[in-house]
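The values are calculated or read from the model by the stated rules, or taken from the named source; none is laboratory data. Please read these numbers as outputs of a predicted model, since none were measured by experiment. Here the Cβ is made from the backbone with ideal geometry for all residues, glycine too, and neighbour counts use every protein chain on show. Protein only, heavy atoms only, side chains kept; ligands, DNA and RNA dropped before computing areas. Shrake-Rupley method; radii C 1.70, N 1.55, O 1.52, S 1.80 Å.
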Amino acid sequence: LLLPESKERLTAILTYHVVPGAIHAKDVAGTSKVKTVEGSEVEVKRDGDAVTIQNATVTTADIEASNGVIHVIDTVILPAE
């Protein structure tokens, strides 16, 4: 549960889901690490058509947006506390 008092933790979680630039699924080969806006690195892995980010599976990839590319994942990923 994230309460208003935990604004810093919520900010960390949200920015952990953002990577600067535009990375498309086709740009990922094998296993890579990318730095998030939060400051930590996340592991991105491609195995055939399947792409995972940490322990989350990308369910919809490469949604073009005005400010970047969105990849829908099936779970929330959390930075270390």
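Numbers for the structure displayed
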item: Number of the exception - Pro79 against (1) touching a Phe, Trp or Tyr at 6+ places or on another chain (Cβ under 8 Å); (2) in a strand (DSSP E or B); result: (2)
item: In the stretch 53-76, the residues that are outside any strand (DSSP E or B) and either open to solvent by less than 80 Å² (accessible area, probe 1.4 Å) or more than 18 Å from Pro20 (Cα to Cα) (or both); result: Gln54, Asn55, Asp74, Thr75, Val76
item: Residue match in the stretch 24-35 (condition: without any contact (Cβ under 8 Å) to a residue 40 or more places away in the chain, of a type outside the set (D, E, K, R) and open to solvent by 60 Å² or more (accessible area, probe 1.4 Å)); result: yes
item: Of residues in the stretch 36-51 being farther than 16 Å from Leu78 by Cβ and surrounded by fewer than 11 Cβ atoms within 10 Å (Cβ to Cβ), the one farthest from the chain's Cα centre (by Cα); result: Gly48
item: Inter-residue pairs, beta-carbon under 9 Å, first more than 19 Å from Val37 (Cα to Cα) and among the polar types (S, T, N, Q) and in the stretch 53-81, second modelled with pLDDT under 95 and part of a strand (DSSP E or B), 6+ apart; result: Thr57/Ala50; Thr57/Val51
item: Cβ-Cβ under 8 Å pairs, at least 6 apart or on other chains, the stretch 1-22 side surrounded by fewer than 12 Cβ atoms within 10 Å (Cβ to Cβ), far side of a type in the set (A, V, I, L, M) and at pLDDT 85 or above; result: Leu2/Leu10; Leu2/Ile13; Val18/Val37; Pro20/Val37
item: Selection within the stretch 14-35 - over 10 Å from the mean Cα position of the chain (by Cα) and assigned to a helix (DSSP H, G or I); result: Ala25, Lys26, Asp27
item: Of all residues making up the stretch 36-52, the number that are part of a strand (DSSP E or B) and touching a residue at least 12 places away in the same chain (Cβ under 8 Å); result: 6
